[in-house]
Every structure is written in C-alpha cells, then in structure tokens.
Amino acid sequence: MHGMAAPSEWIVRWSHLLPSDATVLDVACGAGRHMQWFAGRGHAVTGVDRSPEAVEAAGAFGHAVEADIESGSWPFTGQAFGAVIVTNYLWRPRMADIVAAVAPGGVLLYETFAAGNETIGKPSRPDFLLQPGELLAACAGLRVVAYEDGFVPEPARFVQRIAAVRPTAPDAGPPARHLLKGN
C-alpha cells in the first residue's frame, strides 16, 4: 500500500487545470494521498485500489472502491470524471479505460515510471515502465498541456508525466486557456 506521503509535485502543479466542480477519480489510489489533496480543495473524490487496507484508509477522503482492475472488470464503465489522476501505476490493458474516463473539459494527470528506471532500481520490469512517447500516444484524443519524459534526481527515477485535457465540443467558442503554472 502506498503511504501517506505528500502529493506528487506534478499533480499539485497541474491541479489548477481542474474545473472547480470537477469530480476526481484516483486510479490505484493507495491510502489516498491525492484523494486527500483534492478533497481538501472541495472536489468530490473517488479512489480505486485492490488493497482492502488502502481502500479503508482512502475512504476517509471520499468514496473508495476495492477492485482489482488488472484481473477484473473496470468498475467505472460509462462514467466520466472531471479529473483522472494516476501516479506510479501502469497496466497497459486499462490505459484506454483510464483515458476514456476523462469527461469533456476534464483533465488527465498521469505520472509513472519510464524506461531507464531499470538502471537505477525498481520497478525494473519492462511491463511497468513506459516506453518513449507511450504516454503521449495513449493520450492522442486529448489536448496535451504539459508532458515530460526524463530523469528526476530526488528521489532518483525515470518518469513520464502528462497533463492533458479532453476537448469540449468543437463549436464551444474560443479555445480554452490552460495556464502554464510553475514556469
């Protein structure tokens, strides 16, 4: 189970992209560090994890669902969220479901390990490491606001991360202005 460390700097940096009334889905939520972050900002949050202990802990911050999304069904079929959050998790067969869960005008904030990480530690199996451009390709139907693929020194790890928005209807007026904070 993921501990209750501080929320990811990437998630914090790009959380301003969420509409104020956005519902949030935290995939592989662990004990709920990101659920806590978004609930503290007034968002209704849902988390999913396969660990009963994680679900119990995360339930303090919103609705927590116990489900093994790797060997079971996707528990959110037909649902859309104003934001979908994923950190330190990769299961390629669920990638399309995760991206599809982003509502029009909603945000995907995703950060996980990338190729190269096998040279410094775990995870080291290719199954758990994104290949160059893989996250960009998975988000082809979204508008990418920010993307990084590289090495982070502290703690040492190779990552890919993306902040992307699902466009609203094409005739919805002028394009949305997604502020690039932190530059």
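Quick look at the values:
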{"read-out": "Added length on full extension, which subtracts the Cα-Cα distance from 0.36 nm per residue, ALA67 to GLU154", "value": "28.2 nm"}
{"read-out": "Residues ASP26, ASP21, sorted so that the one with the fewest Cβ neighbours within 10 Å comes first", "value": "ASP21, ASP26"}
{"read-out": "Net charge of Cβ neighbours under 15 Å - reference ALA31; Lys, Arg +1; Asp, Glu -1", "value": "-3"}
{"read-out": "GNM result for the chain, Cα springs below 10 Å: residue of ILE69, ILE162, ILE11 fluctuating most strongly", "value": "ILE69"}
{"read-out": "MRE, 222 nm, helices only [DSSP H, n ≥ 4, -39500 (n - 2.57), over the chain, to nearest 500]", "value": "-4000 deg cm²/dmol"}
{"read-out": "Within the range 1-77, GluC sites (Glu not before Pro) in DSSP loop having at most 14 other beta-carbon neighbours inside 10 Å", "value": "GLU70"}
{"read-out": "Net charge of neighbours whose Cβ lies under 13 Å from the Cβ of VAL99, counting Lys and Arg as +1 and Asp and Glu as -1", "value": "+2"}
{"read-out": "Percent of Cα-Cα distances greater than 24 Å, calculated over the range 1-119", "value": "18"}
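Read-outs throughout are calculated quantities, based only on the coordinates presented, and are distinct from any laboratory measurement. All values reported here derive from a predicted model rather than from experimental measurement. With ideal geometry, Cβ positions are generated from the backbone for all residues, glycine too; neighbour counts draw on all protein chains shown.
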